[in-house]
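*Asks:* Here it is: the structure, laid out below.
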Amino acid sequence: MSHLNQNKKILNSENSCIEVLQQVEKNKRAINGLMSELIELHLREHVLGDTEEIKEKELNEFLALVKRYL
């Protein structure tokens, strides 16, 4: 939440559009990094699990989710 509060402060201040866009880009990178970690964690724990066999249902659900965001 601190990033969102910081964005609100930036928008309500005298900062230039460039500074606001730079802050938004920082937030975007942070969210993308988190998303990458969550994707990897999900694949390792829920799709692949402890076996080498791919769980088809989990894989299909995950791929549908990824397609919504890409």
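*Asks:* With axes computed from alpha carbons, what is the tilt in degrees of helix 2-11 against the longest principal axis of the chain, rounded to the nearest 10 within 0 to 90?
*Replies:* Computed tilt is about 40 degrees.
*Asks:* According to a simple spin-label model (label point 7 Å from Cα along Cα-to-Cβ), what is the distance in nm between ILE31 and SER13?
*Replies:* It works out to 2.1 nm between the two label points.
*Asks:* Sum up the charges of everything whose Cβ sits under 15 Å from the Cβ of GLN23, counting Lys and Arg as +1 and Asp and Glu as -1, but leave GLN23 out.
*Replies:* Residues close to GLN23 contribute a combined charge of +2.
*Asks:* Mean-square fluctuation check for the chain, GNM, Cα pairs under 10 Å: which of GLU14, GLU56, GLU45 is largest?
*Replies:* The residue with the greatest mean-square fluctuation here is GLU14.
*Asks:* Using just the helices of the chain, give the 222 nm mean residue ellipticity in deg cm²/dmol: DSSP H runs with n ≥ 4 each add -39,500 (n - 2.57), and the total is spread over all residues, rounded to 500.
*Replies:* After summing the helix terms and dividing by residue count, I get -24000 deg cm²/dmol.
*Asks:* Could you tell me the number of lysine pairs in the chain with C-alpha atoms less than 18 Å from each other, where the two lysines are 8 or more residues apart or belong to different chains?
*Replies:* Here the count comes out as 5.
*Asks:* Take TYR69 and VAL20, extend 7 Å from each Cα along the Cα→Cβ direction, and tell me the distance between the two endpoints in nm.
*Replies:* 2.7
*Asks:* Still on this model: Using semi-axes √(5λ) of the Cα gyration tensor in Å as the read-out, say which of (i) 37, 11, 8; (ii) 22, 12, 10; (iii) 29, 16, 8 was calculated from these coordinates.
*Replies:* Given (i) 37, 11, 8; (ii) 22, 12, 10; (iii) 29, 16, 8, the structure-derived one carries the label (i).
No lab work stands behind these numbers, since they all come straight from the coordinates. These numbers come from a predicted model, not from an experiment. No Cβ is skipped: glycine too gets one built from the backbone with ideal geometry, and neighbour counts run over all protein chains shown.
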